[in-house]
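Before any comments, here is the structure.
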Amino acid sequence: MSHLTDLTGPTGDHEDFDRLLVAVDGSEHSDRAVAVAADLASAYDASLTILNVAATPVVPIVTAPLLYTDSWGSGWVALADSGEQIVAATERLALRTGPIDITTAVVTGHPSSMIVDHASRVDADVICIGRRGLGNVRGLLVGSVSHAVGHLASQTVVTVR
């Protein structure tokens, strides 16, 4: 079932989408964003990049060397493994739409800036991202990745609820 109803702008012209990026975290919200991104990629015969960002923990520079132990390093490996599992599951979900040219990536860093940076790196025309619907106050306190991406990105951003 397609999630798209009208792919034309106000003038009736079609946008030209060649490369899409969808940011995923394994949640229901990101699964819905994947469904929309896969529909767009299929409709426009576009390539799709599936990106997972493992958020970098906030650690003061001074204490970071003291905290880097075998268990700390194991934690990074676990984050990368988890990201790989998420993108693999997401790729299977996207391919249900039909054959799509898909690449995947797992990176670490601040989610919103890494999403925007990676979208620029792969020359994406569109960024698709799920939205948890935190609301203005809670989103301000907790931090909304989708909100930040919408403000930082120069690409079209499709936020899926």
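The values are calculated or read from the model by the stated rules, or taken from the named source; none is laboratory data. Nothing here was measured: the structure is a model prediction, and the numbers come from that model. Don't worry about glycine lacking a Cβ; one is built from the backbone with ideal geometry, like all the others, and counts go over all protein chains shown.
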Being of a type in the set (Lys, Arg) and in contact (Cβ under 8 Å) with a residue 40 or more places away in the chain is the filter; apply it to the range 95-136 and report the residue that is surrounded by the most Cβ atoms within 10 Å (Cβ to Cβ). 131
Name, by its number, the condition in (1) modelled with pLDDT under 90; (2) farther than 18 Å from residue 153 by Cβ that does not hold for residue 104. (1)
For residue 96, only one of the following conditions fails: (1) modelled with pLDDT of 90 or more; (2) under 15 Å from the mean Cα position of the chain (by Cα). What is its number? (2)
Identify all residues within the range 41-71 that are modelled with pLDDT under 95 and of a type in the set (A, V, I, L, M, F, W, C); write none if there are none. 43, 53, 54, 55, 58, 59, 61, 62, 64, 66, 67
